[in-house]
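In what follows, a single structure is set out as structure tokens and then discussed.
The values are calculated or read from the model by the stated rules, or taken from the named source; none is laboratory data. If you're wondering where the values come from, they're calculated on a predicted model, not measured in any experiment. Heads up, the Cβs are rebuilt from the backbone with ideal geometry, glycines too, and the neighbour counts pull from every protein chain shown.
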């Protein structure tokens, strides 16, 4: 009898969770990718901030390409280091990430620095964004080629895109041999990913400890 009761309780619990997830998908139009979400939730589950609390160096050195007071989208926000940095500079920031754990830490980081960021827990590939919604988009170490055309549409005329990722050369760095190819760009590839945008700045250094490729682009007015 006890075994049967336990089975019923487990069945109800699982189905309640599934109903909750399905309800979210129906109401929001966002399809949750459970395996990917679980992977990132696990990655960010530690108390410390995986990538620290300071912004990416390329963003810190070039944020002033973004017009003052602009509405900014942070794609694949992670734990919020870049979003919070921009909020501290007076920008209105929306950060989207599939990991609820990362988003929770991003909110805590914003509170720590006394700023506000708007956050969304969702997969970027499913989340619906109207065209011409943002003055600027930042995308750091989140490579999803299927979104590049949409990103150009999400920008308003004159809008700025700041993008940085690792190249395949990163596989040469000790400890990075198993880095997922999904998140790497071919050397030189970044220059051709956003053909309708004007290149304002481009870097792909080969003399540093990490192999990154970085770009700042602008949509025509």
Please state which of the following conditions residue 187 fails to meet, knowing it meets all the rest: (1) closer than 26 Å to residue 64 by Cα; (2) in a loop (DSSP other than H, G, I, E, B).
(1)
Just wondering, is there one or more residues in the range 142-157 that are out of contact with any helix residue (DSSP H, G or I) (no Cβ under 6 Å at 6 or more places or on another chain) and closer than 21 Å to residue 52 by Cβ?
yes
Which residues, taken from the range 82-92, are crowded, with 24+ Cβ neighbours inside 10 Å and either over 13 Å from residue 136 (Cβ atoms) or not assigned by TED's automatic domain parsing to the domain that holds residue 154 (or both)?
84
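Can you pull out every residue in the range 58-75 that is in contact with a strand residue (DSSP E or B) (Cβ under 9 Å, 6 or more places away or on another chain), assigned to a helix (DSSP H, G or I) and closer than 22 Å to residue 210 by Cα?
Selection gives 58, 59, 62, 63.
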Can you find a residue in the range 93-102 that is surrounded by fewer than 16 Cβ atoms within 10 Å (Cβ to Cβ), touching a strand residue (DSSP E or B) at 6+ places or on another chain (Cβ under 7 Å) and not in a helix (DSSP H, G or I)?
no
Determine if the range 115-122 includes at least one residue that is touching a residue at least 24 places away in the same chain (Cβ under 8 Å), in a helix (DSSP H, G or I) and within 18 Å of residue 67 (Cα to Cα).
no
So if I check each of 110, 106, 136, 87, which one is assigned to a helix (DSSP H, G or I) and within 28 Å of residue 219 (Cα to Cα)?
87
